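Enquirer: Dumping the structure here so I can ask a few things about it.
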């Protein structure tokens, strides 16, 4: 996977997550997002988790030159409450 483009940066939840994380590296990318299940129906889920990390370019192999190697110890997780996401309910399906 090539992460030269950040897949989530232009989404509503991506912008909120980046505001909270405040990454210092230009190679920081959000790469995973989803609701945290609490054991009840989806209407009861309140926390949306977004995960990001810093990536570097591969130096050899089939992904050489692509931003595809996660830098160790740079993973960051942010939790967004349902109310934060409701500000723009058109951007994400908020139960």
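Enquirer: Between residue 24 and residue 47, 0.36 nm times their residue separation minus their Cα-Cα distance comes to what?
Expert: Numbers: separation 23, 0.36 × 23 = 8.28 nm, distance 2.50 nm.
Answer, rounded to one decimal: 5.8 nm.
Enquirer: So for the pair residue 79, residue 58, with labels modelled 7 Å out along Cα→Cβ, what separation do we get in nm?
Expert: Placing both labels 7 Å along Cα→Cβ, they lie 3.5 nm apart.
Enquirer: A further question follows. Residues in the range 23-43, backbone N under 16 Å from the label point at residue 71 (7 Å along the Cα-to-beta-carbon vector): list them, ranges by number please.
Expert: 23-31
Enquirer: Tell me, rounded to the nearest percent, the portion of alpha carbon pairs in the chain spaced more than 15 Å apart. Intermediate values should be presented prior to the final figure.
Expert: Working: 2766 of 4465 pairs.
Tail of the P(r) past 15 Å holds 62 percent of the pairs.
Enquirer: On to the next question. Could you tell me the relative contact order of the range 1-53? Use alpha-carbon pairs under 8 Å, at least six residues apart, and round to a whole percent. Display every interim value, and only then the final one.
Expert: Details: 54 pairs, mean separation 18.3, N = 53.
Dividing the mean separation by the residue count of the range 1-53 yields 34 percent.
Enquirer: What percent do you get for the relative contact order of the range 11-95 when only Cα pairs under 8 Å and 6+ apart count? Spell out each step's value before the answer.
Expert: Numbers: 131 pairs, mean separation 26.9, N = 85.
Relative contact order of the range 11-95: 32 percent.
Enquirer: Name the residue, out of 40, 65, 52, whose mean-square fluctuation peaks in a Gaussian network model built on the chain with Cα pairs under 10 Å.
Expert: 40
Enquirer: Compute the angle between helix 12-21 and the longest alpha-carbon principal axis of the chain, please, reported from 0 to 90 degrees and rounded to the nearest 10.
Expert: Rounded to the nearest ten degrees, it is 70.
Enquirer: Right, another one. Only helical DSSP H runs with n ≥ 4 go in: add -39500 (n - 2.57) per run for the chain, normalise by residue count and round the 222 nm mean residue ellipticity to 500 deg cm²/dmol. Let's see the in-between values first.
Expert: Working: 2 runs with 15 residues, N = 95.
After summing the helix terms and dividing by the residues of the chain, the value is -4000 deg cm²/dmol.
Enquirer: Across all directions of projection, what mean area in square nanometres is found for the Cα convex hull of the range 1-53? It would help to have the intermediate numbers written out before the result.
Expert: Values: hull surface 17.5 nm².
With the hull built on Cα positions only, its mean projection is 4.4 nm².
Throughout, read-outs are computed from the coordinates displayed, never taken from laboratory work. Note that the structure is predicted; figures quoted are calculated from it, not measured. Positions of Cβ are backbone-derived with ideal geometry, glycine not excepted, and every protein chain shown enters the neighbour counts.
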